[in-house]
1. For the chain, modelled as a Gaussian network with Cα springs under 10 Å, which listed residue fluctuates most, Gly40, Gly173, Gly15?
2. In the chain, what percent of the accessible surface is made up of carbon and sulfur (1.4 Å probe, ligands and nucleic acids excluded)?
3. Averaging over every viewing direction, what projected area does the convex hull of the Cα atoms of the chain cover, in nm²?
4. Is it possible to state the helix-based mean residue ellipticity at 222 nm for the chain, with each DSSP H run of 4+ residues giving -39500 (n - 2.57), the sum divided by total residues, to the nearest 500 deg cm²/dmol? What is it?
5. With viscosity set to 0.692 mPa s and temperature to 37 °C, compute the Stokes-Einstein D of region 182-226, Rh being the Kirkwood radius across alpha carbon pairs; µm²/s, no decimals.
6. Using only the Cα atoms of region 205-310, what are the Rg and Dmax in Å?
7. Please report, to two decimal places, log10 I(q)/I(0) for region 117-180 at q = 0.19 Å⁻¹ as given by the Debye formula with identical point scatterers on the Cα atoms and no solvent.
8. Excluding the sites themselves, what is the longest stretch of the chain that contains no trypsin sites (Lys or Arg not before Pro) in a DSSP loop with at most 10 other C-beta atoms within 10 Å?
Amino acid sequence: MKIQDLKMKFTEIFGEGDEPCIYFAPGRVNLIGDHTDYNGGHVFPCALTLGTYALARRRSDQLLKLYSENFSSRGVFNSSLDDIEYTTEAEWTNYPKGVIWTFCKKGYPITSGMDIFFYGDIPGGAGLSSSAAIEVVTGLVLKDLFKLEDITLEKIALMGQYSENHFNGMNCGIMDQFTSAMGKEGHAIFLDTNTLEYEHVPVSLKNISILITNSKVKHSLISSAYNDRRKECEKGLNMLQKMIDINSLGDLNNEQFERYKILISDEILQKRVKHAVSENRRTVHALDALRADDIQEFGRLMNKSHLSLRDDFEASCDEVDLLVKTAWELPGVIGSRMTGGGFGGCTVSLVKKRNRNLFKSKLTAVYQEAFGLLPEFYEVEIGGGAKKISDPA
Ligand code: GLA
């Protein structure tokens with residue numbers, strides 16, 4: 001949808017008055033390094049050109065009016081700034097509300113109500129971080145409308161994560177919000193989640209495309225399965241810490257894991273820790289491979305990442321496994337793996353441009369035959385991070 005159309009829609013929904021300012025925050029795809037971000041490891045995601053737009057203006061009262069063009073049938077959600085709490089009836093608005101709640105809790109007073117109109121082109125529920133994009137774009141709206149000078153993009157990412165953890169009850173790491181806030185066109189972000197040190201790494205794939213395949217499945221209880229995995233990693237870490245001096249699983253290398261795994265008395269916990277440790281090392285190697293222009297090695301690491309997420313972390317599912325396995329057998333596929341939180345969602349594949357059509361048709365046929373579902377494909381570009389698009393004319 002064009003900016004002009006969004007502005008017209010804004011007026012249709014909220015009426016005449018001050019013109020809104022316009023903001024944008026992208027979704028993300030993670031190339032490698034999943035379930036490492038809450039283990040003090042590395043991640044290697046990139047922001048997409050797809051994302052969420054917010055058109056916003058302050059009100060003279062304390063009312064918060066939120067509307068999403070993606071859920072237009074739900075209409076405008078009205079609430080008061082004095083009374084922001086998580087409720088199931090609030091549906092998607094729990095994301096922006098959580099960010100407002102976080103700002104207030106952290107000492108950034110939001111002194112008036114707002115009209116905010118959202119529109120996003122990230123496929124919902126696909127694991128491409130549409131919720132992080134809403135959180136980050138809301139943070140940017142608050143920073144700008146309330147002139148919160150010391151709020152940086154990095155702080156916005158942290159506030160988004162805080163809100164998701166403490167308001168929405170999803171114990172996510174920092175990867176999604178950080179990528180949405182800090183992305184850079186044509187670059188992936190190599191982020192050390194332990195220190196938040198990061199580097200923008202140019203990704204020029206020439207004759208290769210980044211192809212995302214949406215399995216269209218979303219297994220129930222994703223957030224509880226995710227939270228369980230996180231707890232398992234913490235338990236494993238606690239067992240190791242009884243004997244060795246480490247702060248997070250990201251402090252271990254594969255040899256150390258082999259040496260000390262005996263300290264983890266439970267076999268399942270051992271597998272979870274093995275994934276967290278090995279995935280972190282793979283992510284570091286993937287950066288080396290990319291720098292050395294060794295894209296084949298990068299692809300092999302992606303494939304190994306999938307095996308580890310499937311077998312050790314058990315965060316994949318039959319549908320996604322089939323998409324990945326089918327991709328591995330096709331010509332021109334450099335690497336393919338599940339991406340993001342898992343338990344459904346998307347795969348990310350690096351595919352030679354000349355083999356794209358075969359990739360899509362083969363995956364569609366095999367997947368439809370097995371599960372009766374049509375996968376969706378997005379050939380994505382690496383976009384920039386969150387930004388203000390325009391002031392009122
Ligand atoms: C979800 C979470 C992230 C990260 C990934 C897995 O996207 O929001 O913090 O843990 O899963 O890598």
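The values are calculated or read from the model by the stated rules, or taken from the named source; none is laboratory data. None of the values given here were measured: they were computed from a predicted structure. Here the Cβ is made from the backbone with ideal geometry for all residues, glycine too, and neighbour counts use every protein chain on show. Note: accessible area is taken over every heavy atom of the protein model, side chains too, but ligands, DNA and RNA are not part of it. Shrake-Rupley method; radii C 1.70, N 1.55, O 1.52, S 1.80 Å.
1. Of the options given, Gly15 has the highest mean-square fluctuation.
2. Result for the chain: 48 percent of the exposed heavy-atom area is carbon or sulfur.
3. Its Cα hull, projected and averaged over all orientations, spans 19.8 nm².
4. -13000 deg cm²/dmol
5. Using the Kirkwood radius from Cα pairs, D works out to 236 µm²/s.
6. 16.3, 50
7. After summing over all Cα pairs, the log10 values are -0.70.
8. Formally, the longest exposed-site-free interval is 243-393.
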